[in-house]
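For reference, the structure discussed in these notes is given below.
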Amino acid sequence: MSTVRVMTGADVSAVSEIRVTGWKAAYAGIVPQPYLDRMTVEADARRRRQFFTTPDKVALDLVAVDTAGSVVGWACLGPAPTTGGELYTLYVRPSLIGSGIGRALLQDVHANARARGFDSVLLWVFADNTRARRFYERAGYVADGGVQADDYDGVSVTEVRYRLAL
């Protein structure tokens, strides 16, 4: 069982650990391995601390916390470039995927999106990340035809856009 709350500065290291281990677990075979191998929790935490302390930050970071008080998941919501909201990221400690933590985070993301007046939430997911695509589809998200590609070590990796009307 987990609860969701707003992230604090004290959560940065735990969130970075979840993000880096999440990338390495979920994106092996999708993102080039040398890119994943260079990722470190320490470097991610340095960048995250800088971003987290930016005074004009518009994003909302949420963490899922287990009964012992440990951070076990993280999601970030903000405005989309066009209209509505965008789920920038959602990660769960890899060993806990499938335990309901992602669903709990997503429910809080949707509640916060509604509270901010967003009428929809969009997100981008790697086209080859079938597990994540199934997760979002089960939550009601629909691929809306948007496609983009990002470069990782000279390899173009395609992302597809999903959208949920609130």
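For the stretch 2-165, what's the relative contact order in percent, using C-alpha pairs closer than 8 Å and at least 6 residues apart?
Working: 271 pairs, mean separation 35.8, N = 164.
Relative contact order for the stretch 2-165 comes out at 22 percent.
At 0.36 nm per residue, and after removing the present C-alpha to C-alpha distance, how many nm does the segment from TYR35 to VAL6 gain when stretched out fully? If you can, show how the numbers build up before the last one.
On the way: separation 29, 0.36 × 29 = 10.44 nm, distance 2.99 nm.
Extra length available between TYR35 and VAL6 comes to 7.4 nm.
For a label point 7 Å from the Cα of ASP153 along Cα→C-beta, name the residues of the stretch 10-33 whose backbone N is under 14 Å from it. Within reach of a label on ASP153, which here means backbone N under 14 Å from a point 7 Å along Cα→Cβ, the stretch 10-33 contributes 24-25, 27-33. Simple spin-label estimate for THR130 and ASP66 gives 2.9 nm between the two label positions (7 Å along the Cα-to-Cβ direction from each Cα). Out of all DSSP beta bridges in the chain, what portion is antiparallel? Express it as a percent rounded to 5. Restricted to the chain, the bridges split so that about 90 percent are antiparallel. If you take the Cα centroid of the stretch 61-93 and the Cα centroid of the stretch 94-154, the two points sit 10 Å apart.
Rounded to the nearest 20, the Cβ-based charge dipole of the chain about its Cα centre (Lys and Arg +1, Asp and Glu -1) stands at 340 debye.
Calculate, in whole percent, how much of the Cα-Cα pair population of the stretch 2-165 lies beyond 26 Å. Kindly include the intermediate steps, with their values, before the conclusion.
On the way: 3384 of 13366 pairs.
Percentage above 26 Å: 25.
In this structure, ASP119 and SER95 have a Cβ-Cβ separation that, at R0 = 41 Å, corresponds to a calculated FRET efficiency of about 0.70.
Give me VAL31, VAL65, VAL147 ranked fewest to most by other Cβ atoms within 10 Å of their Cβ, as a rough exposure proxy.
Values: VAL31 21, VAL65 18, VAL147 12.
Lowest count first: VAL147, VAL65, VAL31.
Counting neighbouring Cβ atoms within 10 Å and putting the fewest first, the residues LEU166, LEU77 line up as LEU166, LEU77.
Take the eigenvalues of the Cα gyration tensor for the stretch 1-43, scale each by 5, and report the square roots as semi-axes in whole Å, largest first.
On the way: eigenvalues 117, 34, 7 Å².
Square roots of five times the eigenvalues give 24, 13, 6 Å.
The Cα atoms of the stretch 77-166 cover 40, 34, 19 Å along the three principal axes, with the biggest extent listed first. Here is how the number arises for the chain: DSSP H runs of 4 or more residues each give -39500 (n - 2.57), the sum is divided by the residue count, and the result at 222 nm is -10500 deg cm²/dmol.
Values quoted throughout were computed directly from the atomic coordinates according to the rules given, and no laboratory measurement underlies them. Here the structure is a predicted model, which is why all the values come from computation and not from measurement. Don't worry about glycine lacking a Cβ; one is built from the backbone with ideal geometry, like all the others, and counts go over all protein chains shown.
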